[in-house]
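Single-structure report; data block below.
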Amino acid sequence: MFRNGRAQSPEAPEAAGLSPARRRRALLATDLQDLSLRRRAAPALLAVLVVSLADLLSGQDRYLAPLMVVVPSIAALTLRPAELLLVCLLGFLSLLGLSHYDQTDSLNDGRFLFGALLSYIALTLFSAWVARLRMHRAAAFAAVSSVAEAAQRALLHRPGPSVGPLRLAVRYVSAADAARIGGDLYSVLDTPHGTRVLVGDVRGKGLGAVQTAAVVLGAFREAAYDENGLRAVAARIEASVERHVPDGEFTTALFAEFRQPGAVKLLHYGHVPPIQVTGDGTVRVLEAPDPWVPLGLGSLASGQPKSLELPFGADDVLVLCTDGVVEARHHRSGEFYPLAERAGPLVGGAARSPTELETAVGRLYADLLAHTGGELGDDALLLLISRTDGDGPGIA
């Protein structure tokens with residue numbers, strides 16, 4: 001028996017949308033409200049302190065207290081309206097105290113104090129309105145961000161830690177942080193024809209890339225169950241792309257099929273070649289001798305793509321990725337990330353258990369971030385696969 005697509009997605013109940021708690025966390029992070037009040041109020045309070053010290057240290061012949069008007073403007077960036085009014089009240093009292101110290105509250109100099117106080121009150125009220133407007137816009141942005149995240153989660157149907165005879169460990173990061181949507185895609189399905197894997201990279205980013213990814217994934221999830229061979233699966237997807245994707249758009253893809261223990265069949269469509277890491281850390285880049293053109297460009301090529309069948313034992317780990325990984329540049333030298341060199345020591349021996357496989361993908365992703373200085377300029381997908389069905393007879 002084989003598992004259907006729903007059984008492979010532990011996050012399926014949330015696919016149609018995010019929980020209220022997750023939406024609230026998105027809002028808090030968007031508007032800095034996940035920080036404590038003390039940290040959010042610190043800039044405005046520091047401004048009160050700096051202006052007060054500047055006035056006191058300059059002596060009574062310098063009247064610097066009106067500089068306190070910077071406090072409401074700074075507070076409007078991080079505080080809620082009620083919090084802003086409380087902090088600005090402290091600034092108002094400091095302004096009164098400094099005016100008394102500088103002796104500007106006398107009858108002759110009262111006009112200076114009146115102007116400073118009126119300006120401070122007016123700017124405080126305006127800043128409170130700005131803070132309210134900022135929070136409304138942050139709420140709208142968080143709502144859009146949450147919907148985008150829910151859409152991506154629904155699209156990807158993230159599989160569980162095991163599908164059929166395979167263990168999986170995944171790291172997926174989108175370069176479109178504001179929308180949390182990228183053009184990288186993957187799917188793992190346990191079908192009557194073996195466990196099938198698709199990893200792809202849509203040309204471009206944003207909503208256009210997501211629409212193309214939806215076409216590719218939808219066609220794969222149908223064809224993977226219906227078609228006996230990988231080439232037939234890819235042909236179904238190619239037909240869907242030609243019908244529903246604008247001309248000129250394409251998707252690089254890599255198909256993998258695990259039907260017999262001890263072997264894997266690969267079909268390359270212009271995608272980054274996978275890497276096989278043995279138990280002792282030996283690395284083998286599984287280049288296709290005759291790779292095919294990306295999905296969407298099949299009409300430009302003649303002939304048929306050829307699959308590649310290779311041994312894949314119980315101690316091996318298959319590392320699949322997108323070009324956001326291998327084209328990630330070093331934050332200083334600009335060199336591409338050397339995945340083939342790093343994968344051996346970071347992934348070797350990880351096939352022993354699900355925990356070790358998950359730890360290995362974490363190490364690999366952390367090493368990638370260290371290479372780039374903590375930021376990725378493109379969508380990035382890392383997918384590690386190992387077997388649970390032991391070594392079979394394999395292939396010659």
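The values are calculated or read from the model by the stated rules, or taken from the named source; none is laboratory data. The model shown is predicted, which means the values in this text are computed figures rather than measured ones. Ideal geometry is used to build each Cβ from the backbone, glycine not excepted, and the neighbour counts take in all protein chains shown. Accessible surface areas use protein heavy atoms only, side chains included; no ligands, DNA or RNA. Shrake-Rupley method; radii C 1.70, N 1.55, O 1.52, S 1.80 Å.
List of remarks:
- 2 or more residues open to solvent by 40 Å² or more (accessible area, probe 1.4 Å): qualifying strands (runs of 3 or more DSSP E) within the stretch 271-353: 283-285, 308-311
- Residue within the stretch 221-232 that is more than 22 Å from Cys321 (Cβ to Cβ) and under 28 Å from the mean Cα position of the chain (by Cα) present: yes
- Residues of the stretch 233-251 that are closer than 28 Å to Ala314 by Cα and out of contact with any helix residue (DSSP H, G or I) (no Cβ under 6 Å at 6 or more places or on another chain): Ala234 alone.
- Identity of the residue in the stretch 194-220, part of a strand (DSSP E or B) and closer than 19 Å to Leu381 by Cβ, that ends up farthest from the chain's Cα centre (by Cα): Thr195
- Pairs, first touching a residue at least 12 places away in the same chain (Cβ under 8 Å) and in a helix (DSSP H, G or I) in the stretch 222-234, second surrounded by 13 or more Cβ atoms within 10 Å (Cβ to Cβ) and among the basic types (Lys, Arg), C-beta under 8 Å, six or more apart: Glu222/Arg236; Ala223/Arg236; Ala224/Arg196; Leu230/Arg196; Leu230/Lys265; Val233/Arg196
- Within the stretch 132-148, residues that are at pLDDT below 65 sit with their Cβ atoms under 9 Å from residues that are open to solvent by less than 40 Å² (accessible area, probe 1.4 Å) and part of a helix (DSSP H, G or I), at 6+ positions apart or across chains, in these pairs: Ser145/Ala26; Ser146/Ala26; Ala148/Val210.
- Scan of the stretch 26-50 for residues that are at pLDDT below 65, out of contact with any helix residue (DSSP H, G or I) (no Cβ under 6 Å at 6 or more places or on another chain) and part of a helix (DSSP H, G or I), ordered by number: Leu28, Ala29
- Close pairs (6 angstrom Cβ cut-off, 6 or more residues apart or separate chains): more than 11 Å from Val173 (Cβ to Cβ) in the stretch 321-334, of a type in the set (A, V, I, L, M) and part of a helix (DSSP H, G or I) anywhere: Val326/Leu339
- The stretch 53-83, subset more than 21 Å from Ser127 (Cα to Cα) and assigned to a helix (DSSP H, G or I), residue least open to solvent (accessible area, probe 1.4 Å): Asp55
- The C-beta contact set for the stretch 38-64 (first residue among the charged types (D, E, K, R), second residue open to solvent by 40 Å² or more (accessible area, probe 1.4 Å), distance under 8 angstrom, 6+ apart or interchain) comprises Arg40/Leu32; Asp55/Arg62; Asp55/Tyr63; Asp55/Leu64; Asp55/Leu67; Asp55/Tyr101.
- Residues of the stretch 235-258 that are outside any helix (DSSP H, G or I) and surrounded by fewer than 16 Cβ atoms within 10 Å (Cβ to Cβ): Pro246, Asp247, Gly248.
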